[in-house]
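Input: a single structure, listed below in C-alpha cells.
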Amino acid sequence: MKILIIEDEQGLRDTIETSLLKEKYIVETAIDYHSAIDKISIYEYDCILLDIMLPDGNGLDLLQELKNQNKSENVIIISAKDALDDKVNGLALGADDYLAKPFHIAELNARIKAVLRRKKLEGKDCIEVGNVSLEILERSLKINDEFVHLNKKEFDILNYFLSNKNRLLTKTALAEYVWGDHIDQADNFDFIYYQIKNLRKKLEEHQAQINIETVYGVGYKLVEK
Amino acid sequence: MKLLNRSLIYLTGVFFLIIGIWSIIFYFNLKDEIRDSIDDGIDNNRILLLMKVYDDPSLLEHHDFGGNNFRIRPIEKGDALEFRDIYKDTMMYRINESDLEPVRLLHSAFEHKQKYYRITVISSLVEEDDLIEDSFWSVVTLFVILIVSIAIVNNYVLKKVWNPFYNLLNQLETYRLDSNEDELKINSTVSEFVQLEHAANTLISHSREAYISQKEFTGNASHELQTPIAIIIGRLELLLESKKLQDEDAETIAQVIDIAGRMKRLNQSLLLLSKIENKQFLDTETVSINEITENYIANYEELLAFKKIKISVDQSTELKVKMNAALGEALISNLIKNAIFHNFEGGSIRILFTDEMFIIRNTSHQAELNSKNIFNRFVKDQSNQNNTGLGLSISQAVCDSYGLKIDYDFYESYHTFKVDFKNILAEE
C-alpha cells in the first residue's frame, strides 16, 4: 500500500510518516503544491493525505487536479482550517474524508484503513482479524460466524481498536473517538472503562481470537491471540 | 440630575447672589438720596426761619416743637461760635402713629441782635422698616419672575436646542460594537454638536477596530495553535509506543497527552466561538430542534444508562426553526452535554418543547448558579478541571447571533435552561 503525505509542516509530516511506516505502508512525502503535483501526475497512490493550506497553493486546487485525473476518491483532507466550507468543498470535489487538525494518530490510522478498505472491497466493508469479523456498514460483529450483539459505543470502540491493531490507544484518543468532535468533556474514562470491560466479556464468551490488553495508566492495545 | 435642572440651579444661585447684592446697594443709594433731599429741605427751612425772625421775633420763643417743625433755644456766645451744623437721624414720638418714628433733624446756631440761639429743624423720614419690607418683597417678586421665566425658557427653548445632544445620547446607549451599525448621526448645524458627532464616531471606529482585531486575534491564535498541538500529540503518541520506555514514563506521557487533548478542545471551542461571533455560518435552513435533540440523546444513550440518569423528552410539539444546522447542533448539544455532565448518578433530565421554546431541566449536586455569569467564558465548576468552561458560552453565542433569548433559572431543585426561538420560527 502506497501513501502520499502532502503537508508543509515538517514536524507533522515526520510524525505521520513514522506512524504510517509502523503500519508497513510505503510512504512518500511532498512538502508543497508543486512537488505534490509532480508526484501525483507520475505515480499512483492508494491513499493521499492532503493539507489544504500549502505555502505555494491551495490544496483544493490540487484536489480539483486529482478529480480531473479521476484519482480523488482516496484523498483524506487534513486541515487546521476546520471551516465547514473546506469540508463541504473538499468532499464535493470527491475527497473521501476530512480530518481536522489536531488529530490523534489512531484516528488517522482508522480513517486511512477505512479508505483502503472501501477501495479494495466492492460494496462490502468489513474488518477481519482471526475469527472476528466486524461489518462496518451493518454495524454488526460476527465471531466464528455467530452474531454478537454490541451497543453503539461498544461497536465504535471495537472498530477503533481493530483499525489500530497492535497499536497503543491512549484513553484520551479513545474518549475523543467515542464522543466525536467538539466534545468538551472527554474525561469520562469510567464510562470507557466500563464499555471495554463489557466488550472483553463478550469477546471472551465467544472465544474471539483477539484480546484487549490494558497498558496500565496509559491506555489499551488490541492484540491477536 | 438632568442638565437642564443643573443649569437652573446654578442660575438660581447666581441670580440670588446678584439680586441680593444689587438690592442692598440699591437700598443704601436710595436712602442716601432721600436723606440728601430732606437735608436740603430742612436747610432751606432754617434759612427761611432765620429771615422770618427779623419780622416776627416771637418765633424766638418757640423753645419746643409743639406743632411746629422747629425750636429755638438761646445759648452762650462761646458755645454758639464753636457750634457746627449737625444733621442726624433720631426717633420722636408721634401721636397719630402712637409710636416712635424716625425723624431727620438739623442742629444749627445763629446770632440775632447780639444774642445767640440754637435752632433745631426737623422733618419726618420715610419709615426705614417699611422701606426695607417693601423693597424686599419687590426683590423677591423679581427673583421669582426671573427663575420661573428661566425655567420656562429652559424647558421649551433649551430642550429644543439640546435635542440633537439627547438624540446622540440615545444612539450611543443602544450602540453595539459587534453589530454592523451605521455611523452616529446628528441633525444639527451647531458646531459643538457636529464636533461631538465627529468625536463619537472617531471613538466608535477606534473601539470597533480594537474589538475586531481582538476578535481576529482569538481566531488566528487558535488557528495557528492547531498544527503545533497536532505535532505535540502525534509525537507523544509515537513516543508512547517506544519499547525503551519505563512504565512510569509512559504514564507521564499519557498524562501529557491528556492535557494536550484538553488544550486542543479548548482551542477548538474558542475557534468555534470566534467563528460564530464572526458570522461565518451563513447557510440557513429549516431545522427541527426535536430531531437534533433526539440524535444527541441517542449518542449519549449508553452514557445515560451508565450514569443511571433518567431522561424524559416531551415530543408532543414539534419545534422547527430557520437557522444554520451546525449552529443549531452546537446550541442544543452543549445544553444537553451540560445537563448530563453536571448531573449525578441516578439524577434526571427533562426536555420539553413548546411552540416557541426548548426547555431543558436537570438535577445536579451544584446549588443554584449565578445567572449573571454562567454564560461567560471560562466560568466553570471548580470540581471538574477537564471541562473547558466554554460550552454554555457557545450556546449563548449561537443565541446572540440569532437574537434569541436564553435564560437560566433554578426551580424545584432543577437547573433550567430555556431557549426562546420566537425570532426564527419556521413558517408552517
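Helix B:128-153 and the longest principal axis of the Cα set of chain B meet at an angle near 30°.
The Cβ shell under 14 Å around B:Ala80 holds other residues with a net charge of +1, Lys and Arg each +1, Asp and Glu each -1. Kindly list the residues of the stretch B:84-120 that lie in the label zone of B:Ile132, defined by a backbone N under 15 Å from the point 7 Å along the Cα-to-C-beta vector. Inside the label zone: B:102. Per residue, chain B exposes an accessible area of 59 Å² to a 1.4 Å probe, with every protein chain left in place. Just so you know, the Cα atoms of the stretch B:284-416 work out to an Rg and Dmax of 14.2, 39 Å.
For q = 0.13, 0.17 Å⁻¹, what log10 I(q)/I(0) does the stretch A:2-120 give under the Debye formula with an equal point scatterer on each alpha carbon and no solvent? Values, matching the q order: -0.42, -0.75. Taking a sphere under 9 Å around the Cβ of B:Arg35 and counting the other residues whose Cβ falls inside, with K and R at +1 and D and E at -1, yields a net charge of -3. Helical content of chain B, expressed as a calculated mean residue ellipticity at 222 nm, amounts to -18500 deg cm²/dmol (DSSP H runs of 4 or more residues, -39,500 (n - 2.57) each, divided by residue number, nearest 500). B:His342 contributes about 30 Å² of solvent-accessible surface, heavy atoms of the protein only, 1.4 Å probe.
Only helical runs count toward this figure. For chain A, summing -39,500 (n - 2.57) over DSSP H runs of n ≥ 4 and dividing by all residues gives -13000 deg cm²/dmol at 222 nm. Computed on the stretch B:285-424, with alpha-carbon pairs under 8 angstrom and 6+ residues apart, the relative contact order is 24 percent. How tilted is helix A:152-163 with respect to the longest principal axis of chain A? Cα atoms for both, answer in degrees (0 to 90, nearest 10). Tilt of helix A:152-163: around 60 degrees. Sequence-distant contacts, meaning Cα pairs under 8 Å at least 6 residues apart, place the relative contact order of the stretch B:191-277 at 44 percent. Note on the protein assembly as shown: antiparallel DSSP beta bridges, both residues inside, total approximately 75 percent of the bridges counted. Considering only B:Phe165, B:Tyr211, B:Thr141, the residue lying farthest towards the positive end of the dipole of the protein assembly as shown is B:Tyr211, judged by Cα position with unit charges set on Cβ. Taking the Kirkwood radius as Rh and the Cα radius of gyration as Rg, the stretch B:5-126 has a ratio of Rg/Rh equal to 1.24.
For the stretch B:82-190, the set of trypsin sites (Lys or Arg not before Pro) satisfying both a DSSP loop assignment and a count of at most 13 other C-beta atoms within 10 Å is given as B:Arg84, B:Lys113, B:Arg176, B:Lys185. Between B:Ser135, B:Ser288, B:Ser98, the residue with the greatest mean-square fluctuation in the GNM of chain B (Cα pairs under 10 Å linked by springs) is B:Ser98. Spread over its residues, the convex hull of the C-alpha atoms of the stretch B:193-317 is 235 Å³ per residue.
Dividing the mean sequence gap of close Cα pairs (under 8 Å, 6+ apart) by how many residues chain B holds gives a relative contact order of 9 percent. Counting only DSSP beta bridges whose two residues both lie in chain A, roughly 55 percent are antiparallel. Straight-line cross-link partners of B:Lys2 among the lysines, defined as a Cα under 25 Å from its Cα and at least 8 positions apart when in the same chain: B:Lys159, B:Lys160, B:Lys185. Taking only protein heavy atoms and a 1.4 Å probe, the accessible area of the protein assembly as shown is 53% carbon and sulfur. Accessible surface ranking for A:His34, B:His223, 1.4 angstrom probe, highest first: A:His34, B:His223. log₁₀ I(q)/I(0) of the protein assembly as shown at q = 0.07, 0.08, 0.09, 0.12 Å⁻¹, via Debye over equal Cα point scatterers, no solvent, to two decimals? Each listed q corresponds, in turn, to -0.64, -0.77, -0.91, -1.32.
Working from Cα positions, state the angle (0 to 90°, nearest 10) between the long axis of helix B:247-277 and the longest principal axis of chain B. Helix B:247-277 and the main axis of chain B meet at about 50 degrees. Could you sort out which of A:Lys153/B:Lys215; A:Lys201/B:Lys264; A:Lys120/A:Lys221; A:Lys39/B:Lys243; B:Lys337/B:Lys405 sit more than 28 Å apart by Cα distance in this structure? The pairs that break the limit, which is 28 Å between Cα atoms, are A:Lys153/B:Lys215; A:Lys201/B:Lys264; A:Lys39/B:Lys243. Taking a point 7 Å from the Cα of B:Ile19 along the Cα-to-Cβ direction, the residues of the stretch B:149-172 with backbone N closer than 11 Å to it are B:149-150.
The values are calculated or read from the model by the stated rules, or taken from the named source; none is laboratory data. Note that the coordinates shown come from a computational prediction; the quantities given were computed from them, not determined experimentally. Because the Cβ atoms are built from the backbone with ideal geometry, glycine has one as well, and the counts that use them run over all protein chains shown. Ligands, DNA and RNA are stripped out before the accessible areas are found, and what is left, the full protein with its side chains, is counted by its heavy atoms. Shrake-Rupley method; radii C 1.70, N 1.55, O 1.52, S 1.80 Å.
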